[in-house]
There are 2 protein chains.
Amino acid sequence: MRAITGWQEARDEALARIRARDWAPGERIPDEVALAEAWGCARATVNRALRDLAEQGYLERRRKGGTRVPLTPVRRATLTIPIIRQDIEERGQKPGYRLLSDLVETPPETLQQIMGTLPLRHIRALHLADDAPYCLEDRWLNPAVSEDVDFTALSPNEWLVGNVSYSEGTLAFHALPADAAHAEALNCAPGTALLALDRSTRAETPITWVRLTYAPGHRVEAGL
Amino acid sequence: MRAITGWQEARDEALARIRARDWAPGERIPDEVALAEAWGCARATVNRALRDLAEQGYLERRRKGGTRVPLTPVRRATLTIPIIRQDIEERGQKPGYRLLSDLVETPPETLQQIMGTLPLRHIRALHLADDAPYCLEDRWLNPAVSEDVDFTALSPNEWLVGNVSYSEGTLAFHALPADAAHAEALNCAPGTALLALDRSTRAETPITWVRLTYAPGHRVEAGL
DNA sequence: GGCTGGAATATGTATGCACATATTAACGCT
DNA sequence: AGCGTTAATATGTGCATACATATTCCAGCC
């Protein structure tokens with residue numbers, strides 16, 4: 001076979017063999033040195049290619065154990081965490097924003113396990129796309145982080161992205177029925193099925209917990 | 001400062017500087033050669049570290065343009081695509097499966113755009129966790145791929161993973177209200193808000209389109 | 001002034017080498 | 001046979017070097 005030039009080509013070649021079941025699931029594939037020789041490239045190039053495939057779940061690698069095609073490949077999808085304004089703009093719509101409430105409250109029991117028991121700043125805000133409701137931002141914020149920021153014109157989402165980002169966190173999707181508040185804000189009937197995204201963010205201390213509840217029919221797409 | 005030993009340490013050092021806004025958003029950071037010299041390691045090591053951070057959205061890199069901290073960091077979360085049986089087992093529950101229907105039909109208009117117009121094999125099946133409904137698998141399958149596979153005992157999900165995997169696809173989350181069929185299968189009231197995951201898979205030709213509708217209250221978690 | 005083409009530059013990648021490390025496999029002892 | 005120690009081995013990583021490539025920037029031209 002023709003010599004392989006770059007690591008991407010090596011990756012494609014390897015993926016082709018996996019897809020063709022030339023390298024069968026559960027089987028060990030030739031080691032890096034052998035592949036490098038067979039493909040006429042350096043071991044580092046093969047390494048890069050196989051490492052890339054392993055990151056995507058197409059291969060499993062272990063020291064000394066060699067590289068093998070997993071029997072049940074756990075594929076990973078990547079999901080770009082939404083920055084709401086950008087999200088809307090990318091859809092070719094005009095973003096809008098309205099602050100609904102901004103209070104200091106004691107969070108409910110379930111939230112206290114994540115954010116602690118201290119009173120938190122509770123912000124509710126509505127994001128609009130072409131003047132139609134897009135999503136409801138229901139956020140609990142560590143007051144030590146936000147201090148005196150004014151969210152009447154700037155959404156907490158946007159402020160956080162610009163000021164407290166680059167942090168750790170968790171993320172989960174679920175569905176919930178619209179309650180009265182959702183119904184009014186998102187302009188839908190109570191009980192409507194809504195997609196919600198819960199996200200908690202922390203650095204050294206808990207920073208924020210937010211639930212984004214999208215307008216009816218919204219879809220969140222993931223890549224790969 | 002002390003010399004950096006590995007690329008992970010270099011990555012941590014860089015991430016610390018980003019978090020500390022030592023490298024401010026929008027600003028160019030020193031180039032690889034400078035960092036390598038400052039940190040007492042090879043440029044390849046710095047490259048690996050910064051490349052890793054760029055993949056996670058913490059940095060933006062462009063040839064000749066240098067590396068900079070993005071103003072609005074687009075963070076990426078990774079989401080492991082569920083293999084239902086494993087999913088259930090990892091929760092410490094007993095997986096179960098029941099085939100509901102298996103027919104050859106003409107797909108609805110919206111699906112024809114993805115899967116083509118030919119008649120498709122339409123399979124409906126229920127997955128159980130500890131004998132309780134877990135999720136409903138509503139699948140349209142290219143008959144050329146599945147031929148005469150019997151899905152009474154083995155779920156299409158599992159069969160596909162073992163036989164037609166390593167392919168491309170798309171994935172999206174949304175919420176929908178339970179219709180009569182959902183209600184019966186998932187043992188909930190009609191209209192209940194349900195989380196659904198649509199996934200289409202293709203290699204050279206379209207392979208399958210599936211909607212997994214989860215039992216009420218289910219959450220799908222993403223990492224990072 | 002505006003456009004074009006060429007130099008300068010930062011990242012991208014390939015290579016050969018060396019050594020580290022995790023794990024398996026083999027060996028030898030009791 | 002069973003067990004613990006040791007050697008073998010595949011991947012993980014670091015480094016120095018060289019060249020490739022995409023952009024930016026600037027100079028020079030019209």
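The values are calculated or read from the model by the stated rules, or taken from the named source; none is laboratory data. None of the values given here were measured: they were computed from a predicted structure. Glycine gets a Cβ as well: all are built from the backbone with ideal geometry, and neighbour counts include every protein chain shown. The protein model used for the area step is the full one, side chains on, heavy atoms only, and it has no ligands, DNA or RNA in it. Shrake-Rupley method; radii C 1.70, N 1.55, O 1.52, S 1.80 Å.
List of remarks:
- Residue within the stretch A:14-32 that is of a type in the set (Val, Ile, Thr) and farther than 30 Å from B:ARG48 by Cα present: no
- Selection from the stretch B:186-208 of residues that are open to solvent by less than 20 Å² (accessible area, probe 1.4 Å), among the aliphatic types (A, V, I, L, M) and closer than 18 Å to B:HIS218 by Cβ: B:LEU186, B:ALA193, B:LEU194, B:LEU195, B:ALA196, B:LEU197
- The set of residues from the stretch B:2-40 being open to solvent by 70 Å² or more (accessible area, probe 1.4 Å) and within 11 Å of another protein chain (Cβ to nearest Cβ) comprises B:ARG19, B:ALA20, B:ARG21.
- Filter result for A:GLU158 (touching a residue at least 60 places away in the same chain (Cβ under 8 Å) and assigned by TED's automatic domain parsing to the domain that holds A:ASP102): yes
- Condition met for B:THR117 (assigned to a loop (DSSP other than H, G, I, E, B), within 13 Å of chain A (Cβ to nearest Cβ) and of a type in the set (Ser, Thr, Tyr)): no
- Condition check for A:ARG85: more than 16 Å from DNA strand C (Cβ to nearest atom), surrounded by fewer than 15 Cβ atoms within 10 Å (Cβ to Cβ) and either farther than 28 Å from B:PRO82 by Cα or of a type in the set (A, V, I, L, M, F, W, C) (or both): no
- In the stretch B:28-57, the residues that are more than 10 Å from DNA strand C (Cβ to nearest atom) form Cβ pairs under 6 Å with partners that are not in a helix (DSSP H, G or I), at six or more places apart or across chains, as follows: B:TRP39/B:ILE4; B:GLY40/B:ALA3; B:CYS41/B:ILE4; B:LEU53/B:LEU59; B:GLY57/B:PRO73; B:GLY57/B:VAL74; B:GLY57/B:ARG75; B:GLY57/B:ARG76.
- Counting only helices (runs of 4 or more DSSP H) that sit wholly inside the stretch A:1-105, those with at least 2 residues that are of a type in the set (A, V, I, L, M, F, W, C) and under 30 Å from A:ALA215 (Cβ atoms) are A:84-90.
- Unique match (being modelled with pLDDT under 90 and open to solvent by less than 20 Å² (accessible area, probe 1.4 Å)) among B:PRO73, B:PRO107: B:PRO73
- For the stretch B:155-184, a residue qualifies if it is of a type in the set (A, V, I, L, M, F, W, C), more than 9 Å from chain A (Cβ to nearest Cβ) and either outside any helix (DSSP H, G or I) or surrounded by 22 or more Cβ atoms within 10 Å (Cβ to Cβ) (or both), and exactly one does: B:VAL164.
- B:ASP52 vs. criteria under 23 Å from the mean Cα position of the chain (by Cα) and among the charged types (D, E, K, R): yes
- Hits in the stretch A:185-224 - residues which are of a type in the set (S, T, N, Q), touching a strand residue (DSSP E or B) at 6+ places or on another chain (Cβ under 6 Å) and within 8 Å of another protein chain (Cβ to nearest Cβ): none
- The listed residues are B:SER101, B:SER146, and the only one of them that is buried (at least 20 other Cβ atoms within 10 Å of the Cβ) and assigned by TED's automatic domain parsing to the domain that holds B:LEU195 turns out to be B:SER146.
- Odd one out for B:ARG63 among (1) touching a Leu at 6+ places or on another chain (Cβ under 6 Å); (2) within 10 Å of DNA strand C (Cβ to nearest atom): (1)
- When A:ARG51, A:ARG43 are screened for being within 11 Å of DNA strand D (Cβ to nearest atom), open to solvent by 20 Å² or more (accessible area, probe 1.4 Å) and in contact with a helix residue (DSSP H, G or I) (Cβ under 6 Å, 6 or more places away or on another chain), only A:ARG43 passes.
- Residue count for the stretch B:209-224 satisfying the condition of being under 22 Å from A:ALA215 (Cβ atoms) and open to solvent by 40 Å² or more (accessible area, probe 1.4 Å): 4.
- Pairs where the first residue, in the stretch B:1-20, is under 20 Å from A:THR205 (Cβ atoms) and the second is of a type in the set (Val, Ile, Thr) and within 16 Å of DNA strand C (Cβ to nearest atom), C-beta under 6 Å, 6+ apart: B:ILE18/B:VAL69
- Of residues in the stretch A:66-82 being in contact with a helix residue (DSSP H, G or I) (Cβ under 7 Å, 6 or more places away or on another chain) and among the hydroxyl-bearing types (Ser, Thr, Tyr), the one farthest from DNA strand C (Cβ to nearest atom): A:THR72
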